[in-house]
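So the structure is just underneath, and the comments pick up after that.
The values are calculated or read from the model by the stated rules, or taken from the named source; none is laboratory data. Just so we're clear, the structure is a prediction, and the values are computed from it rather than from any experiment. Reconstructed Cβ throughout: ideal geometry from the backbone, glycine too, with neighbour counts over all protein chains shown. The area values use the complete protein model at the heavy-atom level, side chains included, leaving out ligands, DNA and RNA. Shrake-Rupley method; radii C 1.70, N 1.55, O 1.52, S 1.80 Å.
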Amino acid sequence: MKTINKFTMTMESCSANEYFARAAVAAFVTQLDPTLEELNDIKTAVSEAVTNCIVHAYKNSIGKIYITVEIFPDNLIKIKIRDKGCGIPDVEKAMEPLYTTVGGERAGLGFAVMQSFTDHISVRSVIGKGTTVTLNKKLELRVKCNA
Ligand SMILES: Nc1ncnc2c1ncn2[C@@H]1O[C@H](COP(=O)(O)OP(=O)(O)OP(=O)(O)O)[C@@H](O)[C@H]1O
Ligand SMILES: [Mg+2]
């Protein structure tokens, strides 16, 4: 499928960048004239994925987070959030609602939230190499009024 527009950025995995990441992705997506609800869905899903890179992938260290946002025809958006952190041993299990390896501190709902706020999520992970989360979201097509 032909890419209409694309944006990539790399940032440090510090918590201050969680807000920046969601704001940057939202600003890029604004060109498609999303509804407030669609924009909030995207921001929430991006926040969860980026938080996972900060909290889990790099734990107490700082590493790089790579974000790519691609726009395809018919308002399809593909957001890739990649880290080069510790990786996930069992992706299927990690994606189960309420599953967390940081019990007591976290709810284990990040992947469930990403799933419910997007149309499709895929997760690729290799132990010791890192994780890539791909989020697909199709925005409602609105009739443009030129009057
Ligand atoms: N990028 C990542 N790198 C390494 N492990 C990850 C990554 N993302 C998620 N995980 C693992 O998957 C588990 C589930 O993630 P999920 O986001 O659903 O829940 P959580 O982060 O533990 O809690 P919450 O998101 O509710 O605060 C995490 O506890 C962690 O073990
Ligand atoms: Mg999480």
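Surface composition of the chain: carbon and sulfur make up 53 percent of the accessible area, probe 1.4 Å.
In this structure, the pairs whose alpha-carbon distance is over 27 Å, taken from LYS2/LYS59; LYS78/LYS129; LYS59/LYS138, are LYS2/LYS59; LYS59/LYS138. If you filter region 19-78 for trypsin sites (Lys or Arg not before Pro), then keep DSSP loop positions with at most 15 other Cβ within 10 Å, what is left? Passing both the DSSP loop test and the Cβ count: LYS59.
Between LYS93, LYS137, LYS84, the residue with the greatest mean-square fluctuation in the GNM of the chain (Cα pairs under 10 Å linked by springs) is LYS93. Rounded to the nearest 500, the 222 nm mean residue ellipticity of the chain from helices alone is -9000 deg cm²/dmol, with -39,500 (n - 2.57) taken per DSSP H run of at least 4 residues.
The spread of Cα positions in region 5-138, taken along each principal axis and listed from longest to shortest, comes to 38, 27, 24 Å. Two tests apply to each whole DSSP H helix in the chain, Cα reach of 18 Å or more along its axis and mean Kyte-Doolittle hydropathy of at least -0.5, and the ones passing both are 16-29, 36-52. Note on LYS2 and GLU140: the extension gain reaches 47.8 nm, defined as 0.36 nm multiplied by sequence separation minus the Cα-Cα distance.
Here the spin labels are modelled as points 7 Å beyond Cα on the Cα-Cβ line, and at GLN31 and TYR99 they lie 3.7 nm apart. Say we join alpha carbon atoms closer than 10 Å with springs in a Gaussian network model of the chain; which of ILE79, ILE121, ILE62 then has the biggest fluctuation? The residue that fluctuates most here is ILE62.
Applying 1/(1 + (r/R0)^6) with r as the Cβ-Cβ distance of MET9 and PHE72 and R0 = 22 angstrom yields a FRET efficiency of 0.70. Net charge in the neighbourhood of LEU39 (other residues with Cβ under 13 Å of its Cβ; Lys, Arg +1, Asp, Glu -1) is -2.
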